[in-house]
Every structure is written in structure tokens, then in C-alpha cells.
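No value in this document is a laboratory result; all are computed from the given coordinates. If you're wondering where the values come from, they're calculated on a predicted model, not measured in any experiment. Using ideal geometry, Cβ is built from the backbone for each residue, glycine included, and neighbour counts are taken over all protein chains shown.
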Amino acid sequence: MDAHFEYVLRLADDQLVLGHRISEWCGHAPMLEEDLALPNIALDLIGQARMLYTHAGEIEGNGRNEDQLAYLRPEQEYRNLLIVERENGDFAHTMLRLFFYASFMELFWEKMLTSSDEVLAGIAAKAIKEVRYHVRHSAEWVIRMGDGTDESARRLEDAYDDLEAYCTEMFEMDDVARDMVAAGIGPDTQALVESWKAKVEAIFREAMLNRFAPVEGHRSGGRKGQHGEEMGFLLADLQYMQRTYPGLNW
Amino acid sequence: MGEEARHQAGPALEAVRQRAWEVAASVEDPEIPVLTIADIGILRSVDIDDEGRAVAKLTPTYSGCPATLAIELATEAALRDAGFEPVIERVISPAWSTDWITEEGRRKLSDYGIAPPVSGSNSKMALFGETIVACPRCGSENTRKVSEFGSTPCKAHYQCKACAEPFDYFKCI
């Protein structure tokens, strides 16, 4: 498979799957403001995914559009990070995952602004503005919960213990990623580790959370299509309409 | 119109282009109907191509803004109703910024009860890095942010501590 296509597809899958997860909160958030905030964040991510899928389809050149890429691929062909497919868990779990991921993507999109792929650079310029809001919003909640009640702090610690193993996958480099660095299309994500750690730990200190930025985890495989059990359920929900009524249009 | 425009050049073509711009520029934003798409700055350009078609370039505010498609369809319809053969192009680069909202647009927003995006470097409280947003009703700067995310992706939710008015703030991006 073409490395460029694969690379853009990975990025699209990350945004779509997390966007879908966060959209599951719609109507269930703990307060009205969050019921507006979470779907807004999901919309940003799904909007980014749409642009990325369209671009991936153009690179592939087989006439696949955003809908076919999103709705008609089986689980093994999805290339997203495992951290984005994890179930939402409670509110602390949702916010900590968003904080970890958005903090990474803020660094990633910054590097992508100078990509030799002009479409990706254009998407980065839009996405960076949005992801800054996601970082700020999730970081505020991490601080509020970590430095809040015993229960909120315990829930945040539990979320950390569940998510820590999934963070290193964000920084992993493989042949596809190295090809993209060589072509000037994508950044070396290993070089983002220190900035990410510094950012996460600064917020952890404010949150009084006695944990370190997790950079030695060991869960990976999403980029190769090896997903957790929850991914099948997620896609069953996401793809239901096109699977049941193939070719259905608005 | 396509046939007619194809054979025009120079000042005549410019007059056609200007008319196409005025038609497209009059399209209202479905979420904030007090503003036109030219006021918000999402209508980037209208040109007449070699085949006499009116090519309107639009840029979305936020990636996932649900109004994007509705705005494109409305612009297409407006141009068609005015006798043009429309072509709508979505451009994402350079990325839309709240700086592109026109002065007229900012005034209309404020009259409508939505605080326009803060511009200029003196808008930050030096000590706290907080943005000061003035209440669109009473003008007081004694306001608080209720939520970073408001009724649409481009707005945040604020409340005035002086007059108690809850209001939307058009976020600065």
C-alpha cells in the first residue's frame, strides 16, 4: 500500500474514531455546558477526519470518497491508535484521554504546518486552532478533578492507570512514518516526546496528581489493524446505516 | 448569463463579476442571520471563469461546522436565481480567522447581542492571560466565561456580572 495514502488514512481514522467516541456523550454529559462542549469537540474532529479522508481518497486514486473510507472498511483495515478507540469510561477517563491525545496533536499539527503536502499543511492550519481549545478545555478539567474532591481525584488516578499503557503508541515510528519524514510530509514523532512530557507534567503538578507523563507504555498495534475488542462494537454503531442500507444518501 | 459573459472582456466583465460578488455577498449565515457571508469573511472571492461561470470560493470557519454545506447550497442557489451559472469551491487554506470578520460585521454582531471576537494585543489581561470580553448589552467588562463552548462551534458562552445578561461571544481563532 502507498505510504502516503496509509499515512493520511491513519490520521483520518484517529480523528474519526475519537470524534465518534466523544459524540457518544451527547445528551449524557454531567452538565449542560459539557453537553455543548463535547459534541462541539467531536464535530471538530469529525470535520478534520472528513478533509483527511477526502485527501486520502485522492491520493489513492481509486475513486473512494470519504464515506466509503469511513463506512465500508472492516475493523482490520482501520489504522487508528488504540487510545482513541478505548471506551469513554467515566467523565475523568474521557477528559484525561482527550488531554493526552490533544496535547500530542497540538505538537503534531504544529509540525505539519510546514508539510510538503500542501493539503495536509492546510488542514493542519485549521486543526491547530481547534485542538488548542481541546487542550485548554481538557486540561482545565484534569486540574479541577485532580485538585478537587477525594472521589474526583481517585477517578482521575483510575483513568491514568487505564490509559498510561496507550500513550507511547502516539510517538511510535515505523516504515510508513519514516518514509513521510524523508519526503518532508510528516514529522518525526519521537522528537515530540519531551515537549509532550513537559506539557503533561506541568498540568499534573497543577492537578496535584502524583503521576508522571507515561512514555513507557506497551500497548500498540492499531497502525497495523490490530484492535481491541471495543473497536468492533464502535464500528457496528458507526457503520450501521451504510451496512444495513448500502449506498443510502441524505 | 454564461453565454453572455463569455463574450465580454475588460470593464464589462468586471461589472459582471462585481454583480456576482454582490449576489453571493448578500447570502446570510444560517446560524447568525444578521450577518452575511461577506461580513464573516468566509466568502473569499467571486470570479467569472473562461466559460462565463461564476466561481465562488468559500472557506469554513471550523472544520466540522455543520453550516458549511448549507451556506454553499444557499450561495449556489442565490447565484443561480440571479442568472449565473454557479461553481462553488471550498478552500481551506489560508485558514479562516476571526480577523476576517469585517468592521460592519463586528458592529452587526454586537447589535445582535453577540460579543464580537476580541482583537488587538491589549485585549489580554497582562497578569492572568485572560481575554476581556465586553457585554454587548451594557458594555461592562466585568464578565465571566461560563463555557468555552457555546451554541455553535464558533461561539463561547459568557455572562455579564454587571447586568446579569447571558450572552454569546464569537470566539477568536
Margin query: Treating only the Cβ of Lys, Arg, Asp and Glu as charged (+1, +1, -1, -1), what charge dipole size does the protein assembly as shown show about its Cα centre? Round to the nearest 20 debye.
Written below: 860 debye
Check: Quick one: Karplus J couplings for the stretch B:146-152, per residue in order, coefficients 6.51, -1.76, 1.60, θ = phi - 60°, nearest Hz, x for Gly and Pro?
Finding: 7, 8, 4, 10, x, 6, 9
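In peptide B:94-102, what is the residue-averaged number of other protein chain Cβ atoms found within 10 Å of each Cβ? Provide the component values of the computation, followed by the final result.
On the way: counts 3, 10, 3, 2, 1, 0, 0, 0, 0.
Partner-chain Cβ atoms within 10 Å, mean over residues of B:94-102: 2.
Convert 10 °C to kelvin, take the viscosity as 1.306 mPa s, use the Kirkwood radius over C-alpha pairs of the stretch A:191-233 as Rh, and evaluate the Stokes-Einstein diffusion coefficient in µm²/s, rounded to a whole number.
125 µm²/s
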Note to self: To check you understand DSSP bridge types, tell me what percent of the beta bridges within the protein assembly as shown (both residues inside) are antiparallel, rounded to 5.
What the structure shows: 70 percent
Next item on the list: Note down the Stokes-Einstein diffusion coefficient of the stretch A:13-156 in µm²/s, whole number, using a Kirkwood radius over alpha carbon pairs, 37 °C, and 0.692 mPa s.
Entry: 204 µm²/s
Notebook entry, point to check: Tell me, what HN-Hα J-couplings in whole Hz come from the Karplus equation 6.51 cos²θ - 1.76 cosθ + 1.60 at θ = phi - 60° for each residue of the stretch B:63-75, using x for Gly and Pro?
Noted result: 3, x, 4, x, 7, 3, 5, 4, 5, 5, 5, 5, 5
Checklist line | chain B pair-distance distribution - Cα-Cα, 10 Å bins, rounded % | finding: 10, 34, 28, 16, 9, 3, 0
Margin query: List the residue ranges in chain A for DSSP H helices whose C-alpha atoms run 18 angstrom or more along the long axis and whose Kyte-Doolittle average is -0.5 or above.
Written below: A:3-23, A:32-60, A:91-112, A:118-146, A:193-206
Margin query: In Å and on Cα atoms, what radius of gyration and Dmax does the stretch A:132-250 show?
Written below: 18.5, 51
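Restricting to Cα atoms and excluding each atom paired with itself, what does the Kirkwood estimate give for chain A in Å?
With all distinct Cα pairs of chain A included, I get 18.4 Å.
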Check: Size of the dipole of chain A about the Cα centre, Lys and Arg at +1 and Asp and Glu at -1 on the beta carbon, nothing else charged, in debye to 20?
Finding: 340 debye
Next item on the list: Could you pull out every Cys in the protein assembly as shown that lacks a partner Cys with its beta carbon under 4.7 Å away?
Entry: A:Cys26, A:Cys167, B:Cys65, B:Cys154, B:Cys172
Check: In whole percent, what relative contact order does chain B give with Cα contacts below 8 Å and a gap of six or more residues?
Finding: 17 percent
Checklist line | Amide hydrogen neighbours beyond the local backbone of B:Glu165, cut-off 5 Å, H modeled | finding: B:Cys160
Checklist line | Inter-centroid distance (Cα atoms) of the stretch A:176-248 relative to the stretch B:12-45, Å | finding: 41 Å
Check: Could you work out the helix-only [θ] at 222 nm for chain A, with each DSSP H run of four or more residues adding -39,500 (n - 2.57) and the total divided by the number of residues, to the nearest 500 deg cm²/dmol?
Finding: -21000 deg cm²/dmol
Check: Rg and Dmax of the stretch A:1-88 over Cα atoms: what are they, in angstrom?
Finding: 14.0, 45
Check: Binning every alpha carbon pair distance of the stretch B:2-90 at 10 Å from zero, what are the percents per bin?
Finding: 19, 51, 23, 7
Next item on the list: Compute the separation of the alpha-carbon centres of the stretch A:73-123 and the stretch B:77-114 and state it in Å as a whole number.
Entry: 30 Å
Notebook entry, point to check: Convex hull over the alpha-carbon atoms of the protein assembly as shown: what's its volume per residue in Å³?
Noted result: 167 Å³
